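**Student:** Can you keep this structure in mind? I'll have questions shortly.
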Amino acid sequence: MGSQGRTVSLLPVAREWNCTGGVSDVPKVSVVKTVGIKKNLPTPWNGIEQQVLRSRITMADIQRRSRYLTISILHIITIMCQALSDGPRFAEPIPNVTVALGRDANLPCVVENLGTYKVAWIHINRHMLVTMHTRVIAKIPRFSVSYDNQKTWLLHVSSVQKQDIGYYMCQVNTNPMISQVGYLEVVVPPNILDSMSTQSTVAVRENQNITLTCRAEGIPTPTLMWRREDGQGIFVDRRGKVVMYDGEQLNLTKISRTQMGAYLCIAKNGVPPTVSKRIIVDVEFSPMIWVPNQLVGAPADTNVTIDCHTEAHPRAISYWIFNSTMVLSNEKYFTHTVENSYRTHMRLTIRNLQAGDFGNYRCISKNSLGETEGSIRLYEIPKPSAPPKATEIKSSANKEGRKSTPAPPKRLTTVWPASYKPYYPKRTERPPSSEEKLERPEQKPRGHASTGSAYIIRWSAPQLMIVAVQYMLTGPYVPPYVAQNAN
């Protein structure tokens, strides 16, 4: 009812009633004026509020045909006031509410001019009356209702569950009935259904096909995406290599060993947290071996290491054989194996090689699907020759007392055998003779010190022989251009 009062006349009693209102349960009814009141009647009903008024009518009054038949039942008056007023109406619509599973939700219903009408909440999806006015009807303790003594009625749903999803009607029992509807949306984070998905580990033979399945539930419905844990690409049908693949199923055609590893199925629907399932794909194949060097040479009294590389899955047993005997780590041998996924690097080090250590070594790898081996022949090679000798050339005075030319400072010259470093002339010139080389002071040596006082002279074998003979007879030989530069 509105804030302005309305006047109601109750006949045959000539009285006017003021229907002021509000949204209280019972309107305020008061006597505005009284017409023709007898002295023996009660005083005027003034300021009567939220109470039922009853007048006792005696038979004597009826027999005297009294004009003042008083029927003052407050609810009858209230109905008349409501008929003349605007009646209840919804001030605003019920908003749609979205809440995560397990959280609390509140649905508001704002009603004006409610009067003595009642507000009820109904869950349409379950055809269930939830509350009637301030009383909870549903046998679900998670539901409750509150009223702010103004015009808002709140339906509370605590710890929301999936069955609480749906339409909720706020209804006022007018005639005809008025109502409005709001929607409660419950969002549920994704959950992968293990019972409907591929198991966590699956094995397949190389070059065969395999399908990985992943199913999930949630509200809204989750999207599914596949990727490899190591970040490598996925070979899908004819699409080639992709990093990510969308869908419940992942088809791997003619799978190879390079596609072995962990695959992740990721489910997300915008509601945290995002979840994933890890599926390990084992690609099985028989062992294979390749040998980097099948022929290895080493001198005696040294150490040598030989290598084999294998690939196998399931994991293979790998070992070395020499002279029909398995090689084990000891003072003589050292075996070392490095595994990386389905690859294995085998290394064998043989210490202090002797004559009996040379021969054929076999690396063998076997698993449940087969066996294979590689062979390495170890042979003896001569020890390397001694390093070149370093001779020191010293200056000395002439044994015969002759005036000697000052010798250049001490220097080291490498003397190679003639057969090791032959002399190679230019193709456009003829090879100069030893005499020509010694008699040409204008020819600069091939190398010289930065100070100009010391020279490194490169001579051929005949030159060295001449210098050696002269040294024994007359002392060290100093070329003329060296003496000139020294002076």
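No lab work stands behind these numbers, since they all come straight from the coordinates. Just so we're clear, the structure is a prediction, and the values are computed from it rather than from any experiment. Here the Cβ positions follow ideal geometry from the backbone for every residue, glycine too, while neighbour counts run over all protein chains shown.
**Student:** With a ≥ b ≥ c taken as the square roots of the eigenvalues of the C-alpha gyration tensor of the stretch 223-307, please select rounded if a/c is under 1.5 and otherwise prolate if a/b is larger than b/c or oblate if it is not?
**Tutor:** prolate
**Student:** Next up: What does the charge add up to near C363, with Lys and Arg as +1, Asp and Glu as -1, over the other residues with Cβ less than 9 Å from its Cβ? All intermediate terms of the calculation are to be shown ahead of the outcome.
**Tutor:** Working: positive: R362; negative: D307, E373.
Neighbourhood net charge equals -1.
**Student:** Gain in length, M128 to S375, computed as 0.36 nm per residue apart minus the alpha-carbon separation, to one decimal in nm?
**Tutor:** Between M128 and S375, full extension yields 80.7 nm more.
**Student:** Something else now. Within the stretch 119-157, list the chymotrypsin sites (Phe, Trp or Tyr not before Pro) lying in a DSSP loop whose Cβ has at most 11 other Cβ atoms in a 10 Å radius.
**Tutor:** Details: sites: W121, F143, Y147, W153; in loops: none.
Hits after loop and neighbour filter: nothing returned.
**Student:** So, one more: All other residues with a Cβ under 10 Å from the Cβ of S200 taken together, and with Lys, Arg as +1 and Asp, Glu as -1, what is their net charge?
**Tutor:** Residues near S200 contribute +1 overall.
**Student:** Shape call for the stretch 291-380 from the C-alpha gyration tensor, a ≥ b ≥ c root eigenvalues: rounded (a/c under 1.5), prolate (a/b greater than b/c) or oblate?
**Tutor:** Judged from the Cα gyration tensor, the stretch 291-380 comes out prolate (a/c at least 1.5, a/b above b/c).
**Student:** Provide, in order from the shortest bin, the percent of all Cα-Cα pairs of the stretch 89-189 in each 10 Å bin, continuing until the bin that contains the maximum pair distance.
**Tutor:** Distribution as computed: 16, 53, 27, 4, 0 percent.
**Student:** Summing Lys, Arg as +1 and Asp, Glu as -1, what charge do residues with Cβ under 13 Å from the Cβ of T221 carry, T221 excluded?
**Tutor:** Charge balance near T221 sits at 0.
**Student:** Within the stretch 207-308, report the trypsin sites (Lys or Arg not before Pro) that DSSP leaves as loop and that have at most 11 other Cβ atoms within 10 Å.
**Tutor:** R238, R239, K254
**Student:** Could you work out the Rg to Rh ratio of the stretch 208-268, with Rh taken as the Kirkwood radius (inverse of the mean 1/r over all Cα pairs)?
**Tutor:** Reported Rg/Rh (Cα atoms, Kirkwood Rh): 0.98.
**Student:** Okay, next question. Roughly how big is the stretch 125-212's charge dipole about its Cα centre, with Cβ charges of +1 (Lys, Arg) and -1 (Asp, Glu), in debye to the nearest 20?
**Tutor:** 360 debye
**Student:** Also, quick follow-up: Please state the charge dipole magnitude for the stretch 267-342, taken about the Cα centre, from unit charges on C-beta atoms (+1 on K and R, -1 on D and E), reported in debye and rounded to the nearest 20. Walk me through the numbers on the way to the answer.
**Tutor:** Working: 5 positive and 7 negative charges, 104 e Å.
Dipole magnitude for the stretch 267-342 comes out near 500 debye.
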